[in-house]
Amino acid sequence: MHLKPSTKSKRSCNKLVQSEFDCVIVGAGFVGAALGLGLASCGLKVAVLDHLPPPAQPEHDPRGLALAPSTVSLLSRLQVWPALQAHATPIETVHVTHHNHFGSLRLRHRELGVPALGYVCPAPLLQASLAGALQAAGITVNWSSRLLATHATAAANELHIETSGTRAHWTTALLVGADGIASGVRRLLGIKVDQRDYGQTSIVANIDVDAPRPHTAYERFTTGGPLALLPLGGRRYVAVRTARTEDVAALSALSEDAYLADLNQRFGSCLGAFTQLGTRRTFALVQQRARELHRPRAVLIGNAANTLHPNAAQGLNLGFRDVTALLKVLTTARTNGADLGDALVLAEYASARAPDHRATSRLTDGLARTFGIEHWAVGVLRSTALIALDRVVPLKRALLRQVIGNRK
Ligand SMILES: Cc1cc2nc3c(=O)[nH]c(=O)nc-3n(C[C@H](O)[C@H](O)[C@H](O)COP(=O)(O)OP(=O)(O)OC[C@H]3O[C@@H](n4cnc5c(N)ncnc54)[C@H](O)[C@@H]3O)c2cc1C
C-alpha cells in the first residue's frame, strides 16, 4: 500500500495500518483527481484511492471532452491547463440542426464576448495530465483499493480500506465520494438515487472529414438520438452517434465503410466525406441524480452525485464545478479553523450546488426527451423553437451561458 509520506502511520496491535487524513477521496477519475490536486495545493493531507489496478495501459477512450470555460479556469488554477492547451481545440461556434426538419441554431463565442465556447480535449490526455500532476504533487493514488466501511463520529470518519487483500484503518475529517455512476461510497452511506434510463447508447469513434471547418462543433438531432461532431484539429473529429440501445449491436457490427456511410448520411454533406474510422466504443446513457449530497463527514461529487445525458457535453463540466465549490467551502473552513467535516460546511456546499445541478440536469434531460419524440407536429415545434432561440437574443444568451457554465 502506498501512503502519502507526511501521513502518520503506525501498526496497531490488530496489525491494521492506521492513517490520518484531512480528506479521503474515493475515485481517481477526472473529478476525484482534480479535487485531490486542489486540496493538496492548499496544504491539506489528502489520500486518493481507486478500485482499479494501476493503469499500466489505460483503456482506449476515443472521446474528446468539450471543456467549458469554467473547467479551463479550474484546470489553470491546478496548473494542468498550460500543458493541455496545446492539444485542446477551441470551439468558436456550435451549430445545432435537426435531421429532416427546417430550422437551425448557431451559438457563437463572440455573442458572449468570450475567446471560445469551450475546448475539445482528448479524454486520455486529460486523465494522464491529472494523474501526472497528482504524482508531481506527491499524492500517491492507492490503486486496487476499496472502501469496505465508513463510520462517522463527532471526531472523525473511520474508514476500513482493503488494498489487494490487505486491510487498513484510516481516519479522516471528510470522506468524498468521487467514484462515478455506481458509487460505492453512495451505497455505503445509504443515499438513494433517481434514475432515468434513456434506452440509448452512444457509439464514440474518431473520424477524418474531407472538408473540415475549424473551431466549429456540430450537434444534429436525429431519429434515435443526437449525433455530435467535435473538432480535434485538422481533419480529425470525434463522432458521438447516439442510437436506441436495441440498434447498437447492428451498428457496431457494420463494416468501417458502412458505418462511415451511415454517419455521413445522417450528418449531411457540409464537412464532405467521412473517412478513417477509429476504434468504436459504446456508452449506455442514463440520467442519475443522488437524492442527497452529504451525510455526516461525507459528501458526493461528480458522476457519483449527478450523471447526465452527454447531449450538451455538461457532465464533466458540472463535476468540475462541484470541485471548485467544494474547494471554496473547505478552504474557507480551514482558514476559519473549522472542522472540514462539519455538517454546516457540507450543507453550505450542497445548497451552493443545488441550483446548478437542477438547471443542468433539466437542460440535458429536456433535450434528450424533447428531441426523442418522433411525431411530425413535435418536429415542427422543435424546428420553430430552434429558429426562435437563434433569433431572440436574450433567450440565446441565456442558453449560451448555461452551455458554457456561466450562470451569471
Ligand atoms: C459518450 C460521452 C461523452 C461525454 N462527453 C462529455 C463532454 O464532452 N463534456 C463533459 O463535460 N462531459 C462529458 N461526458 C461526461 C463525463 O464523461 C463524466 O461526467 C465524467 O467522466 C465524470 O467524472 P467522474 O470523475 O465524476 O467519474 P468517472 O469518470 O466515472 O470516474 C470515477 C472513478 O472512480 C473509480 N471507482 C468507481 N467505483 C469505485 C469504487 N467502488 N471504489 C473505488 N473507486 C471506484 C473509477 O475507477 C474511476 O476512476 C461524456 C460522457 C459520455 C458517456
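The values are calculated or read from the model by the stated rules, or taken from the named source; none is laboratory data. What you are looking at is a predicted structure, and each value in this text was computed from that prediction instead of being measured. We place every Cβ from the backbone using ideal geometry, glycine too, and count neighbours over all the protein chains shown.
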The listed residue being away from the ligand (no atom under 12 Å from the Cβ), farther than 30 Å from Ser19 by Cβ and in contact (Cβ under 8 Å) with a residue 40 or more places away in the chain, out of Thr245, Thr201, Thr171: Thr245
Qualifying positions in the stretch 193-225 - modelled with pLDDT of 95 or more and of a type in the set (A, V, I, L, M): Val193, Ile203, Val204, Ala205, Ile207, Val209, Ala211
Identity of the residue in the stretch 279-338, among the charged types (D, E, K, R) and assigned to a loop (DSSP other than H, G, I, E, B), that ends up farthest from Tyr237 (Cα to Cα): Arg297
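Residue by residue, here is whether (1) more than 7 Å from the ligand (Cβ to nearest atom); (2) at pLDDT 95 or above; (3) not hydrophobic (A, V, I, L, M, F, W, C) holds:
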| residue | (1), (2), (3) |
| --- | --- |
| Arg291 | yes, yes, yes |
| His294 | yes, yes, yes |
| Val299 | yes, yes, no |
| Ala304 | no, yes, no |
| Pro310 | no, no, yes |
| Gln314 | no, no, yes |
| Arg321 | yes, yes, yes |
| Ala325 | yes, yes, no |
| Lys328 | yes, yes, yes |
Test: residue in the stretch 48-55 that is among the hydrophobic types (A, V, I, L, M, F, W, C), in contact with a strand residue (DSSP E or B) (Cβ under 8 Å, 6 or more places away or on another chain), under 15 Å from Ala133 (Cβ atoms) and within 11 Å of the ligand (Cβ to nearest atom): yes
Residues that are more than 6 Å from the ligand (Cβ to nearest atom) and closer than 16 Å to Leu300 by Cα, drawn from the stretch 23-37: Cys23, Val24, Ile25, Ala33, Ala34, Leu35, Gly36
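Residue by residue, here is whether (1) under 17 Å from the mean Cα position of the chain (by Cα); (2) among the basic types (Lys, Arg); (3) surrounded by fewer than 19 Cβ atoms within 10 Å (Cβ to Cβ); (4) closer than 30 Å to Ala149 by Cβ holds:
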| site | (1), (2), (3), (4) |
| --- | --- |
| Ala33 | yes, no, no, yes |
| Thr71 | yes, no, no, no |
| Thr97 | no, no, no, no |
| His109 | no, no, no, no |
Filter result for the condition that a residue is under 27 Å from Leu254 (Cα atoms) and either within 13 Å of the ligand (Cβ to nearest atom) or not aliphatic (A, V, I, L, M) (or both), over Thr332, Thr279: Thr279
Verdict on Gly190 being at pLDDT below 95 and at positive phi: no
Check on Ala133, under 15 Å from Val46 (Cα atoms), in the same structural domain as Leu52 (by TED's automatic domain parsing), part of a helix (DSSP H, G or I) and touching a residue at least 40 places away in the same chain (Cβ under 8 Å): yes
